[in-house]
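**Student:** Please read through the structure below; I'll follow up with questions.
The values are calculated or read from the model by the stated rules, or taken from the named source; none is laboratory data. Since the structure is predicted, the reported quantities are computational estimates derived from the model, not experimental observations. Virtual Cβ from ideal backbone geometry, glycine too; neighbours counted across all protein chains shown. Ligands, DNA and RNA are excluded from the accessible area calculation, which covers all protein heavy atoms including side chains. Shrake-Rupley method; radii C 1.70, N 1.55, O 1.52, S 1.80 Å.
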Amino acid sequence: MSEFKVVGQSVPKADALDKVIGRAKFAADISFPGMLYAKALRSPVAHGILQHIDYSAAAALPGVAAVLTGKDVPGANNFGIIIKDEPVIVKNGEKIRKIGDTLALVAAENEAIAEQALALIKVDIEELTPVLCPIAAMQPDAPKIYDKGNVLAVRKIVKGDTEAGFRDSAVVVQQQYKTQMVEHAYIEPEAGIALFDGDVVTMWVSTQNPHYDAKEVARNLNIGLNKVRVIQAATGGGFGGKLDVSVQVHLAMLAVVTRRPVRMVYSRTESIKNSVKRHPYTITMKTGADANGRLTAFECTIIGDTGAYASYGPGTLTRSAVHATGPYEIPNVKITAYTVYTNNPQAGAMRGFGVPQVAFAHEAQMDMLAEKVGISPLEIRLLNALRPGSLTATGQYLEQSVGIVSTLEAAAAKVREIKLERRGGRL
Amino acid sequence: MDKIKIQFVLNGETRQVEVEPDLLLIDLLRERLGLTGTKVGCGEGDCGACTVLLNGKNVNSCLLLAARVNGCEVVTVEGLGSYDKLHPLQEAFIAEGAVQCGFCTPGMLLSAKSLLDVNARPTREEIARHIAGNLCRCTGYTKIINAIEKVACADRHCACSREAEEGR
Ligand code: FES
Ligand code: FES
């Protein structure tokens, strides 16, 4: 082992030196001579139609280099990693689907002028009833956020016969679980700086997804992908939340129009209002076991609030459904999972990607079942844990490398060790 | 608005600048003087990313008017160490894996320094309490506290006690 320089060694992080010295360049640390500062006008309402926008006073303000609205988006005017449903700038006559939707962009000589310009823009919005609860959004008479309906995606998994499984169960636990919306709150707010040299747009951005960003810039500016260069600046945390587009398309548009370097840095408030979140879930779970604690049947309904735009919603939903049974083998399974549009902040990728929500539910179920059967929480988990030879809820045959039993055993050993230490080595 | 002439010591060097009465220290440092090592995470005094030392005390530079530092001494991360001569805290942060995204790091280092300068052997609890105003969303704090503890002369073989002995 010791011949290796990296494998098995503790290697200093490649960029740690620049970071402790203060030399690492995050996007907001980069500047160019003649740089403009960009700000966005955001929707104050969650659901509505943009009727009219008057930016003449903002455009006339000394120090303002450009004001852009929906009509100035040269290309598709939509983006999204799975479904292209989020507008770059909401156009006149089109839908506003959440607080924070972009209504206009300003580039000015400094941030204070940009802020003043935003205050001079007059918008006329026809407000619609916002839909703030995914369960209400699923009702047939709910206001439609999209013409296609409010249910974004459905995932179903069926294995065996749950009715028969519950009939054969000695104990059954049924509960509803609710998880909350969670903000990533990476310590660095979204930021970027873009240049246009007459042919190619180059930008340095705080992002987790530069290749996807470049494609969205090209589609929305209606230029070739070879005319867009997105460089990931040192990025102050992402946790999944910087996989989506933030400043990228806005900056590219402003750089092309003004032919000057443009920088955009979100305030913390703007970051929280406009970034994706962890999906809040309502989970109904029913789990059965025989008298020894061996799992017999499992039924689960998941309703996720994906907010105004799809982002990674369909992907996280798949993971939630697939992992709803947890690391346990259950012969009879029925899972139905929905992710539903609302006028709340959009939910997307966040550490665990749909799995932490269901873990909260299935682990609580295991504890309650153990108590009913009269065995320990560890015993019920070891009894039901997936092993080589198990069939998962989706019917996948696990041939090898299933770590849950050894993990549980190692954790149990650690608990015993700590308890022993606390007692000062006395058993 | 009339500008105010101020003089202060920045990272050991006397500086004279003219500032608007409403200019914040963070903007003076980052935008005017090009010292971008100090970060802005919230601009409201919540996160500590903008921490600098003002006469040795850790302060949020996003809440401080630039004019306020007239006659004072300010230290930013750029004044802590260099590539050739890292501060022991910088070395320990690298060695202990206390740097992830690195956005909280400059502020964290300066808060740590302000503690060790007045209390060379703080307990883990004292360290945790002292860096309570510096949020880190990546590390979970354990490795940061380990790094500070390493420098804090917890054992006699640590870097700063060696330095002290050599100096004697
Ligand atoms: S930027 Fe100053 S405390 Fe957050
Ligand atoms: S290392 Fe990312 S916030 Fe601390």
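**Student:** So which of A:Ile113, A:Ile157, A:Ile187 ends up being open to solvent by less than 70 Å² (accessible area, probe 1.4 Å) and touching a Cys at 6+ places or on another chain (Cβ under 6 Å)?
**Tutor:** Going through A:Ile113, A:Ile157, A:Ile187 in turn, just one is open to solvent by less than 70 Å² (accessible area, probe 1.4 Å) and touching a Cys at 6+ places or on another chain (Cβ under 6 Å): A:Ile187.
**Student:** Within 15 Å of ligand 1 (Cβ to nearest atom), open to solvent by 10 Å² or more (accessible area, probe 1.4 Å), of a type in the set (A, V, I, L, M) and not assigned by TED's automatic domain parsing to the domain that holds B:Glu73, is that true of B:Ala120?
**Tutor:** Values: within 15 Å of ligand 1 (Cβ to nearest atom): no; open to solvent by 10 Å² or more (accessible area, probe 1.4 Å): yes; of a type in the set (A, V, I, L, M): yes; not assigned by TED's automatic domain parsing to the domain that holds B:Glu73: yes.
No, not satisfied.
**Student:** Same structure again: For the condition surrounded by fewer than 22 Cβ atoms within 10 Å (Cβ to Cβ) and in contact with a Phe, Trp or Tyr (Cβ under 8 Å, 6 or more places away or on another chain), what is the one hit in A:Val256, A:Val249, A:Val276, A:Val262?
**Tutor:** Being surrounded by fewer than 22 Cβ atoms within 10 Å (Cβ to Cβ) and in contact with a Phe, Trp or Tyr (Cβ under 8 Å, 6 or more places away or on another chain) holds for just one of A:Val256, A:Val249, A:Val276, A:Val262, which is A:Val256.
**Student:** Next question, about the same structure. Here are some residues: B:Lys39, B:Lys57. Which one is closer than 19 Å to B:Glu78 by Cβ, surrounded by 16 or more Cβ atoms within 10 Å (Cβ to Cβ) and not aliphatic (A, V, I, L, M)? Show your work before the answer.
**Tutor:** Values: B:Lys57 fails: surrounded by 16 or more Cβ atoms within 10 Å (Cβ to Cβ).
The match here is B:Lys39.
**Student:** Working only within segment B:58-104, note down all residues that are away from chain A (no Cβ under 13 Å), charged (D, E, K, R) and without any contact (Cβ under 8 Å) to a residue 60 or more places away in the chain.
**Tutor:** B:Arg68
**Student:** Taking segment A:7-32, which residues are assigned to a loop (DSSP other than H, G, I, E, B) and without any contact (Cβ under 8 Å) to a residue 60 or more places away in the chain?
**Tutor:** Residues satisfying the conditions are A:Val7, A:Gly8, A:Gln9, A:Ser10, A:Val11, A:Pro12, A:Lys13, A:Ala14, A:Gly22, A:Arg23.
**Student:** Counting just the residues of segment B:21-54 that are more than 16 Å from ligand 2 (Cβ to nearest atom) and among the β-branched types (Val, Ile, Thr), which one comes out farthest from A:Asp18 (Cα to Cα)?
**Tutor:** Result: B:Ile26.
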